[in-house]
1. I'm trying to understand the selection: among the residues of the range A:107-134, which are within 14 Å of B:N115 (Cα to Cα) and β-branched (V, I, T)?
2. Residues being part of a loop (DSSP other than H, G, I, E, B), more than 19 Å from A:A119 (Cβ to Cβ) and open to solvent by 60 Å² or more (accessible area, probe 1.4 Å): count how many of those fall in the range B:65-91.
3. Looking at A:P64, A:P77, A:P47 in this structure, which one is without any contact (Cβ under 8 Å) to a residue 40 or more places away in the chain, surrounded by fewer than 19 Cβ atoms within 10 Å (Cβ to Cβ) and within 14 Å of chain B (Cβ to nearest Cβ)?
4. Go through (1) assigned to a helix (DSSP H, G or I); (2) more than 17 Å from the chain's Cα centre (by Cα); (3) more than 12 Å from chain A (Cβ to nearest Cβ) for B:V117 and report which single condition fails.
5. Can you name the residue in the range A:65-106 that is part of a helix (DSSP H, G or I) and among the charged types (D, E, K, R) and, of all such residues, is modelled with the lowest pLDDT?
6. Go through (1) open to solvent by less than 10 Å² (accessible area, probe 1.4 Å); (2) away from ligand 1 (no atom under 16 Å from the Cβ); (3) free of Cβ contacts under 8 Å to residues at least 60 places away in the same chain and name the single condition B:T206 misses.
7. Just checking, does the range B:52-64 include any residue being within 10 Å of another protein chain (Cβ to nearest Cβ), part of a loop (DSSP other than H, G, I, E, B) and within 16 Å of ligand 2 (Cβ to nearest atom)?
8. Criterion first (open to solvent by 10 Å² or more (accessible area, probe 1.4 Å) and over 14 Å from the mean Cα position of the chain (by Cα)) does B:L169 satisfy it?
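The values are calculated or read from the model by the stated rules, or taken from the named source; none is laboratory data. Being a predicted model, the structure only gives us computed values, none of them experimental. A quick note on method: Cβ atoms are made from the backbone with ideal geometry, for glycine too, and the neighbour counts reach across all protein chains shown. SASA here: full protein model, heavy atoms, side chains in, ligands and nucleic acids out. Shrake-Rupley method; radii C 1.70, N 1.55, O 1.52, S 1.80 Å.
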Amino acid sequence: MGILFEDGNFSLFYHGFLQTIELSAISALFALLLGGVLAAFRVSPVPVLRAFGTGWVMVFRNTPLTLLFFGVVFALPRLDVHLSSFTFAVMALSAYTGAFVCEVLRSGINTVPLGQAEAARSLGMGFGQTLGTIVLPQAARSVLPPMSSIFIALPRNSAVAGAFNVPELFSTQKAFDEKGYPIFVTFFWIALAYLLVSFTVSAVFRVLEKQLAVAR
Amino acid sequence: MTEETVSDTASDAVATGPLVSLKGVDKHYGALHVLQDINLEIARGEVVVLIGPSGSGKSTLCRTINRLETIDSGSIAIDGRPLPAEGKELARLRADVGMVFQSFNLFAHKTVLENVVLAQVKVRKVPRAQAEATARELLERVGVGAQADKYPAQLSGGQQQRVAIARALAMKPKVMLFDEPTSALDPEMVNEVLEVMRSLAAEGMTMVVVTHEMGFARSAANRVLFMADGRIVEENTPDAFFTAPRSDRAKDFLSKILTH
Ligand SMILES: Nc1ncnc2c1ncn2[C@@H]1O[C@H](COP(=O)(O)OP(=O)(O)OP(=O)(O)O)[C@@H](O)[C@H]1O
Ligand SMILES: [Mg+2]
């Protein structure tokens, strides 16, 4: 069990851990932004935007993440888009997770009675104001629990990036394997690290849920 | 406050012509022809009551006036200006047309005061302190001043509807649309809302009211429009309409609502 603390292993493990955090955090940010925009598209009065949102969700929610990584890592360079492996990983993860965020937001928006938006519009509020000040704040409460599932899944999904040249947490397993450590011990530590991340994410969401419950 | 509203309406009344005008308005819901060749002019300060059987298109007509529903053909103008397409223009125009819904539709996550303040600040860009002062005056006037810091769910239906009226009035609208404002209320609360509406009418507010409250129509309306199957079948003064309806549809309808 003590392998983590010998032979410079901790530094290797720690860097993998940091990469996973970094990759997940940046992807989470872009996924939120993207998901928000897509959800706004899906409820907007403009048919082209609605179709775009629907199309995006269909494609990215139904494609296996590994396939998406293949698409990004091998197809984009052919179109002369050359970026770091890390950036490619962020793109794949955000596009994928953004589709889920969009759907959670949209179903949350649908829990808010239509009359709320009608009242806002009849007072002269625009689409953005109506969505931002009336609908989304009321959708937030029903949105948080499914949103927390998405962002607990994200760090775990980010492990796929390991197979595409991003030295994240899960990929450190290969290095330990080459050093001849028993796989069970390696996996124990890696699992523990993912658990720590998941715990932190769900704790953050619990705090948010509590705060929303008070503010009413 | 009372005087202020009156003078506001009065200063706008420099313009001439009808305040609301619908010409040849048609609308379909799929195969259903829900509005059929509607022609209607509403003068400044006029109070028009829309009455008719369920499904005749009253709500739809009301909602086309601020373009919550689009129309297939015809034209609608408010204060001489045709309704613009969806966008900033339309939003500006909607701010001039107050709407009160059957189900109140107060913003559930905002306090009563905030409900009345919000659009003043967001849409009219009124400074916050001034918006709050206006809101408190209006809430006082509709008799719910003491509830300002509560959330809508903590109020009775009648109180909520009065807040909704205050919220619409805060925009200083040129015309107010009411779609069955008392239908969702317990009987003992109907009057407190009608009372507010009567005082608005008396102050010269232009109003379109969908309601089956005949007492209100008789005491406050200048004109009653009877709708059936998407058409305006009959229009008359309240007294003439209720005592001597001309069309069979109206006679039939009145006999039904008068029996209970
Ligand atoms: N969004 C919609 N899609 C399809 N049909 C609709 C829609 N809204 C209303 N209708 C139909 O249009 C007709 C007119 O509806 P409207 O709500 O204007 O009637 P109303 O006179 O207000 O009736 P009520 O007294 O029941 O409120 C009804 O037959 C209704 O079923
Ligand atoms: Mg109706």
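1. Result: A:T130, A:T133, A:I134.
2. Selection size over the range B:65-91: 3.
3. Details: A:P64 fails: within 14 Å of chain B (Cβ to nearest Cβ); A:P77 fails: within 14 Å of chain B (Cβ to nearest Cβ).
Among A:P64, A:P77, A:P47, only A:P47 is without any contact (Cβ under 8 Å) to a residue 40 or more places away in the chain, surrounded by fewer than 19 Cβ atoms within 10 Å (Cβ to Cβ) and within 14 Å of chain B (Cβ to nearest Cβ).
4. Exception for B:V117: condition (3).
5. Result: A:R78.
6. (3)
7. no
8. Values: open to solvent by 10 Å² or more (accessible area, probe 1.4 Å): yes; over 14 Å from the mean Cα position of the chain (by Cα): no.
Here the answer is no, as B:L169 does not meet what is asked.
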